[in-house]
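The values are calculated or read from the model by the stated rules, or taken from the named source; none is laboratory data. In this text the structure is predicted, and so the values were computed from the model without any measurement. Methodologically, a virtual Cβ is constructed for each residue, glycine included, from the backbone with ideal geometry; neighbour enumeration extends over all protein chains shown.
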Amino acid sequence: MLKDFKAWLRRTPEFYALVGLLAAYLLLFFGLDLAVKEPQFILHSPLDDMIPFNEWFAVFYFLWFPIFPGSLLAFLLLDKADFRELCFVVFTGAIISFAAYIWLPTGLELRPEMLPRDNFFSRLMQFIWLVDSPRNVCPSLHCSISSAIALVACRSRSLRGRVLLKAAVAVLMLLICLSTLFVKQHSVWDVFAGVGMSLLLFCAAEIWRKVKQV
């Protein structure tokens, strides 16, 4: 088993690139979170006030953390072309987002002063709030990366014919995007910006792929 893994590593230099990209992502994300203490722009939409806080969505919000690296690894194992496309959309989007956080520091004031209920999901939400501040929010990385995963999965050649699996991935990614609103971690503006950015980057990647095929 160990020999097979070492042989796979020798055949897959992309794995080391993935580890490096994820490490750089974490370093920049938490570095900017510490550096940007006072957001200059507080985002708010009337739609935000119409969306009630619901701690049950904390589960979907939390699932994003293992799904993000897990999806990249899964596509690396399934199809390297899909993996490279997903990396392009995810990490180019992250670079754009980090630049936006530096030049236009955004924040939120949507969190409820008191949680309406005391249960497991509320405690999970409190833990998430401790490690994920309401700063550097637009575009939403939760939504941009979730959208990228859904788009690449739906187009993936390696998942061709697996309609139910593609539908399950799309629904789960949609629930993750919605969870950012129901747990008051993002504004509607952040969601639109994150999803729109990934859609544009995905279209650019698809155009480039077709140009290379020609």
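Return the only residue of Glu109, Glu113 being in contact (Cβ under 8 Å) with a residue 12 or more places away in the chain and exposed (fewer than 13 other Cβ atoms within 10 Å of the Cβ).
Glu109
Can you tell me which residue among Ser198, Ser140 is touching a Cys at 6+ places or on another chain (Cβ under 9 Å), without any contact (Cβ under 8 Å) to a residue 60 or more places away in the chain and surrounded by 15 or more Cβ atoms within 10 Å (Cβ to Cβ)?
Ser140
Return the residue satisfying two criteria in turn: it lies in the stretch 167-183 and is in contact with a Phe, Trp or Tyr (Cβ under 8 Å, 6 or more places away or on another chain) and surrounded by fewer than 22 Cβ atoms within 10 Å (Cβ to Cβ), and of such residues it is nearest to Ile128 (Cα to Cα).
Phe182
Would you list the helices (runs of 4 or more DSSP H) that sit entirely within the stretch 1-82 and hold 1 or more residues that are among the aromatic types (Phe, Trp, Tyr), surrounded by 15 or more Cβ atoms within 10 Å (Cβ to Cβ) and at pLDDT 90 or above?
14-35, 58-78
Against the conditions (1) over 25 Å from Pro134 (Cα atoms); (2) more than 22 Å from the chain's Cα centre (by Cα); (3) without any contact (Cβ under 8 Å) to a residue 60 or more places away in the chain, where does Met50 fall short? Just the number, please.
(1)
Could you figure out which of (1) crowded, with 19+ Cβ neighbours inside 10 Å; (2) at pLDDT 95 or above isn't true of Ala205?
(2)
Could you check the stretch 175-207 and list, in sequence order, the residues that are under 20 Å from Glu85 (Cβ atoms) and out of contact with any helix residue (DSSP H, G or I) (no Cβ under 7 Å at 6 or more places or on another chain)?
Correct list: Gly196, Leu200, Cys203, Ala204, Glu206, Ile207.
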